[in-house]
Amino acid sequence: LEDCVLLTMTDRALKQFLRKYQLQGRLAMVMKGVDSTLASLRMLSRLGHEEIAQLRMGLQLRTLEKGDILFHKDEPSKLFLVCDGELVVSRFMKKPNKDVTIRRLAPKDVIGIESLFIPGLSSTTTVQAKTKSLVASINPTAFASFVRINALDPTKLVLTDVVENLDIFDMPFKKSEVKAFLPQCTVTMHRKGDS
């Protein structure tokens, strides 16, 4: 048995949360959406329903009002899943000397997946709610515990994601050829400034 922290919520607190986000009839639907989003992540695509449900238990839900900041540039990064609403991802650009929207996030979108594998990684963007939103997050420590408890190989999780993204990078290899070499591959993380 692992050391753990159990978070409980009183009925009153749960009702306040549901009322604040107006979820009373939709909470089960939102959690199913979280499960399907987790299962759709390439690196988690081989996990079963029980493992996805177990990972979901480590998630934290957070509501955002329109204009609320989810995180600022240079804050510690963590994985966020958009459950409901719309968020904008922006980055400060010297020219035109202002924040520029570089991406919009909608339900089932994910940001910060790299933080699960690179401890201490800081965000390079700012994310703000464009509409009232609900996001789920998991911190790297909880994810590392999940990987350890389920005896998963983090290298294989990352490599699965890399192989599935070969077409994005216009690599001149077939996926089947690359998959044949996966057993010989390792993943090393390098931070800016490392030699």
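Structure data summary
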{"read-out": "Residue satisfying condition, being within 17 Å of A136 (Cβ to Cβ), over 18 Å from the mean Cα position of the chain (by Cα) and modelled with pLDDT under 85, within set K20, K78, K15, K32", "value": "K20"}
{"read-out": "Single match in I113, I52 (criterion: open to solvent by less than 80 Å² (accessible area, probe 1.4 Å), of a type in the set (A, V, I, L, M), touching a residue at least 40 places away in the same chain (Cβ under 8 Å) and closer than 23 Å to K32 by Cβ)", "value": "I113"}
{"read-out": "Long-range neighbours under 6 Å by Cβ, at least six apart or interchain, first residue touching a residue at least 40 places away in the same chain (Cβ under 8 Å) within region 99-110, second of a type outside the set (V, I, T) and surrounded by 15 or more Cβ atoms within 10 Å (Cβ to Cβ)", "value": "P107/D84; V110/L81"}
{"read-out": "Inter-residue pairs, beta-carbon under 6 Å, first free of Cβ contacts under 8 Å to residues at least 24 places away in the same chain and in region 121-146, second outside any strand (DSSP E or B) and open to solvent by 40 Å² or more (accessible area, probe 1.4 Å), 6+ apart", "value": "none"}
{"read-out": "Flag for K130 being within 24 Å of A53 (Cα to Cα), among the basic types (K, R) and open to solvent by 20 Å² or more (accessible area, probe 1.4 Å)", "value": "no"}
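The values are calculated or read from the model by the stated rules, or taken from the named source; none is laboratory data. Here the structure is a predicted model, which is why all the values come from computation and not from measurement. Cβ atoms come from the backbone with ideal geometry, glycine included; neighbour counts cover every protein chain shown. SASA here: full protein model, heavy atoms, side chains in, ligands and nucleic acids out. Shrake-Rupley method; radii C 1.70, N 1.55, O 1.52, S 1.80 Å.
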